[in-house]
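> Input: one structure, supplied below.
The values are calculated or read from the model by the stated rules, or taken from the named source; none is laboratory data. All of these numbers come straight from a predicted model, not from anything done at the bench. Quick reminder, even Gly has a Cβ in these numbers, built from the backbone with ideal geometry, and neighbours come from all protein chains shown. Remember, those area values only see protein heavy atoms, side chains included, never the ligands or the DNA or RNA. Shrake-Rupley method; radii C 1.70, N 1.55, O 1.52, S 1.80 Å.
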Amino acid sequence: MTEPDRQTRQTIRRLAEAGAAQAGALLPILHAIQDELGYVPDAAVPIVAEVLNLSRAEVHGVVSFYHLFRTDPPGKQTLYVCRAEACQSMGSRELERHARDKLGIGYHETTADGRFSLEPIYCLGNCACSPAVMIDEDVYGRVTPERLDELLD
Amino acid sequence: MENRTRVFVPMDTTARSLGADGVAEALRREAESRGTAIEIVRNGSRGLYWLEPLVEVEVGAERLAYGPVAESDVGSLLDADLPGGGDHPLALGPTESLPWLAGQSRLTFARVGVTDPLSIDDYRAHDGFRGLEKAASMTPEEIVAEVTESGLRGRGGAAFPTGIKWNTVLKTDAAQKYIACNADEGDSGTFADRMIMESDPYVLLEGMTIAGFATGATMGYVYIRAEYPLAIRIMREAIERAEAAGLLGGNLLDSGRDFNVEVREAAGAYICGEETSMLESLEGKRGMIRFRPPLPAVKGLFGAPTVVNNVISLATVPIILDKGAEYYRDYGSGRSRGTLTVQLAGNIRQGGLVEIGFGRPLSELLYDFGGGSATGRPIRAVQAGGPLAAYVHPSQFDTPLDYEEFAAIGAMIGHGGLVVFDDTVDMGEQARFAMEFCAIESCGKCTPCRVGAVRGVEVIEKILNGENEAANLELLRDLCDTMVSGSLCALGGMAPFPVISVLDHFPEDLRARA
Ligand SMILES: Cc1cc2nc3c(=O)[nH]c(=O)nc-3n(C[C@H](O)[C@H](O)[C@H](O)COP(=O)(O)O)c2cc1C
Ligand code: SF4
Ligand code: FES
């Protein structure tokens with residue numbers, strides 16, 4: 001993994017300082033970092049810890065506890081496939097297999113060309129029109145393997 | 001301005017997931033090029049999800065429905081004089097007369113899908129802020145009494161009486177108290193919270209403010225799952241607009257009282273829907289369960305007395321204050337008062353949101369509202385009440401939707417989600433997934449859950465692979481017992497329930513595969 005450059009560190013510090021005054025600041029700050037950089041780099045841990053006056057272990061513990069914080073850069077787009085029960089009832093297991101085969105990667109991986117990351121997700125609240133996927137922040141319903149191909153091409 | 005016919009195209013997540021944005025854009029473009037004067041309103045969804053995108057047109061005092069509308073239908077709809085309510089193969093007649101809607105009692109969801117979600121004028125024109133205005137003239141004790149008498153029980157899953165919880169917070173002396181709205185909605189098959197936040201955000205803010213008035217809390221947080229980016233955006237925007245209109249903040253509505261609300265985004269951990277874990281998360285920590293006592297109502301967020309309530313519980317409070325406890329309590333059955341917001345999900349032909357008084361049989365939801373399975377095959381199982389709840393067998397489908405009646409068959413109403421499976425379902429695999437989900441989501445604080453769930457997956461896989469079937473089935477029962485009795489919270493304590501229901505009702509699927 002490459003070390004983030006000076007500018008990235010400055011961004012992290014700026015976001016941490018901007019969010020530090022609020023109560024329970026750590027999650028909002030981590031979200032702000034991930035929104036801006038696409039992930040929470042390892043180098044963010046000591047900076048955020050210093051700004052919030054927490055130990056590195058505490059900050060690291062929080063980053064690693066939550067499934068949706070990622071510590072490596074994502075692809076250009078992220079495909080989230082819903083793995084939860086309502087989607088299972090409408091064929092999401094097949095859709096998951098199709099997504100993996102099509103992209104040639106497993107969960108938490110990114111395609112070699114950097115176009116897509118693949119992540120599991122447990123319910124998008126679109127369960128009346130299962131199976132569902134989300135690409136970045138756009139949700140799609142009743143997604144067949146053919147429809148997924150269209151969405152990814 | 002000339003009289004433009006209003007055409008409604010929903011903007012909620014599900015409608016958009018089926019192409020509503022494209023329909024709205026095509027309508028705008030086509031109408032413009034034809035010189036047809038229409039005003040497109042992006043309303044919320046009425047929750048008839050099998051008909052989305054459901055386009056409505058206002059003709060006289062009535063709204064007429066068309067659906068499901070694809071982008072490619074827009075031309076022919078305009079050819080058929082959509083603005084005049086013209087006939088078309090997709091025409092469904094007056095929206096309110098659709099049997100699916102007419103058969104419901106929409107109290108909490110009265111405005112959902114009717115209004116433009118972010119318009120404060122629209123909200124007011126549809127009885128908005130009447131509950132709050134009433135509350136502003138009452139003492140905290142009177143508000144708490146009204147909510148208690150309504151019989152409202154928490155809709156997040158545990159069904160604890162809301163008024164009693166509020167009373168504890170009211171009676172606990174503290175300089176600072178909080179309202180923490182649980183919008184983590186983690187159960188598969190549920191989307192009622194999302195619908196409220198996307199389609200009627202002010203009703204939630206109004207309910208939270210009333211909770212503040214009732215308990216003396218002046219600050220509220222809405223903890224929204226990160227999987228709901230649209231709900232997060234809409235709630236933030238609604239808060240800004242409410243502040244600008246003097247409906248939140250200092251001396252709101254000239255009540256002499258203050259209330260502020262902030263949105264906090266979760267980060268994809270199911271356990272953070274559990275209330276003490278959510279409080280830890282709101283404090284910026286890992287979502288580890290807290291030991292109780294103390295109750296959050298006594299010592300909650302940042303150590304202060306805190307009301308933790310689900311979105312639907314809070315969004316139901318305004319109509320209770322507006323129309324009175326008795327009006328609400330008159331709906332329902334037994335000790336389950338008022339209405340339940342049922343979410344029909346999974347393999348169901350007519351999926352969506354059905355709000356009805358408690359007490360109606362499950363079968364009515366599945367077959368009358370739901371129209372049976374989406375695939376047309378027999379329904380074999382229904383998971384009611386989320387991933388930690390039992391799979392209900394067809395022999396139990398006549399059970400009334402009522403907290404106690406469901407508990408009596410070892411099932412749960414929970415947050416009101418019904419996930420339907422047809423007869424192609426592999427219940428052994430569903431049992432395996434229940435344990436897998438618990439293993440993925442365990443916070444790790446206690447051994448029965450952390451270790452038990454991983455063991456559970458292994459044991460079920462062994463059974464399915466035909467390794468020592470009898471011994472492993474016995475082991476699985478024991479393991480379930482240990483998790484149920486030894487876990488610190490309901491994640492580990494309830495994850496075995498779906499597994500036990502498969503052992504009890506679908507044993508033919510939990511055995512060696514040929
Ligand atoms: C593992 C677990 C997950 C939960 N998830 C949610 C949730 O997503 N939303 C919710 O409102 N309640 C959830 N609950 C229930 C809450 O702990 C709590 O009972 C509820 O938020 C209280 O609000 P209510 O009384 O209005 O229902 C969950 C409980 C457990 C044990
Ligand atoms: S039961 Fe599971 S989720 Fe609950 S406290 Fe124990 S380890 Fe954590
Ligand atoms: S279970 Fe997939 S969207 Fe809810």
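> Can you tell me how many residues within the range B:64-78 are surrounded by fewer than 19 Cβ atoms within 10 Å (Cβ to Cβ) and under 17 Å from residue B:39 (Cα atoms)?
Step one: of the range B:64-78, the residues surrounded by fewer than 19 Cβ atoms within 10 Å (Cβ to Cβ) are B:70-72, B:75-76.
With under 17 Å from residue B:39 (Cα atoms) added as a condition, the list becomes B:75.
Number satisfying all stated conditions: 1.
> Of all the residues that make up the range A:115-129, how many are of a type outside the set (Gly, Ala, Ser), open to solvent by less than 10 Å² (accessible area, probe 1.4 Å) and within 14 Å of residue B:186 (Cα to Cα)?
Selection size over the range A:115-129: 5.
> State the number of residues belonging to the range B:408-461 that are away from ligand 2 (no atom under 16 Å from the Cβ), part of a helix (DSSP H, G or I) and open to solvent by less than 10 Å² (accessible area, probe 1.4 Å).
Quick first cut of the range B:408-461, residues away from ligand 2 (no atom under 16 Å from the Cβ) only: B:408-433, B:458-461.
Among the residues that remain, those that are also part of a helix (DSSP H, G or I) are: B:408, B:427-433, B:458-461.
Among the residues that remain, those that are also open to solvent by less than 10 Å² (accessible area, probe 1.4 Å) are: B:427-428, B:430-431, B:433, B:459-460.
The qualifying residues number 7.
For (1) touching a Phe, Trp or Tyr at 6+ places or on another chain (Cβ under 7 Å); (2) open to solvent by less than 20 Å² (accessible area, probe 1.4 Å); (3) within 14 Å of another protein chain (Cβ to nearest Cβ), each residue gets a yes or a no:
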| site | (1), (2), (3) |
| --- | --- |
| B:282 | yes, yes, yes |
| B:292 | no, no, no |
| B:296 | no, yes, no |
| B:302 | no, no, yes |
| B:313 | no, yes, no |
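> Another one. Please go through the range B:472-506 and give me each residue that is more than 16 Å from ligand 2 (Cβ to nearest atom), away from chain A (no Cβ under 14 Å) and either modelled with pLDDT under 95 or under 13 Å from residue B:381 (Cβ atoms) (or both), ordered by number.
As a first pass, look at the range B:472-506 and keep what is more than 16 Å from ligand 2 (Cβ to nearest atom): B:472-478, B:500-506.
Subsequent filtering for residues that are away from chain A (no Cβ under 14 Å) retains B:472-478, B:500, B:503-506.
Scanning the range B:472-506 gives B:504, B:505, B:506.
> Among the residues of the range B:265-279, write down those that are open to solvent by less than 30 Å² (accessible area, probe 1.4 Å) and within 7 Å of chain A (Cβ to nearest Cβ).
B:267, B:268, B:269
> (1) more than 17 Å from the chain's Cα centre (by Cα); (2) away from every other protein chain (no Cβ under 11 Å): which one isn't true of residue A:54, the others all being true?
Result: residue A:54 passes all but (2).
> If you don't mind, another one. Taking the options A:36, A:17, name whichever one is under 16 Å from residue B:267 (Cβ atoms), among the charged types (D, E, K, R), in contact (Cβ under 8 Å) with a residue 12 or more places away in the chain and in a helix (DSSP H, G or I).
Details: A:17 fails: under 16 Å from residue B:267 (Cβ atoms).
Only one candidate qualifies: A:36.
> Sticking with this one: Considering only residues that are under 15 Å from residue B:493 (Cα atoms) and more than 12 Å from ligand 1 (Cβ to nearest atom), look in the range B:404-430 and name the one that is farthest from the other protein chains (Cβ to nearest Cβ).
The residue in question is B:410.
> Moving on to the next point. Looking at (1) buried (at least 24 other Cβ atoms within 10 Å of the Cβ); (2) more than 27 Å from residue A:66 (Cβ to Cβ); (3) more than 16 Å from ligand 3 (Cβ to nearest atom), find the lone condition where residue B:495 falls short.
(2)
> Also: Please list, ordered by residue number, the helices (runs of 4 or more DSSP H) wholly in the range B:143-224 having 2 or more residues that are more than 16 Å from ligand 1 (Cβ to nearest atom) and in contact (Cβ under 8 Å) with a residue 40 or more places away in the chain. Please lay out each step first, then the result.
Details: elements: B:162-171, B:192-199, B:201-215.
Correct list: B:192-199, B:201-215.
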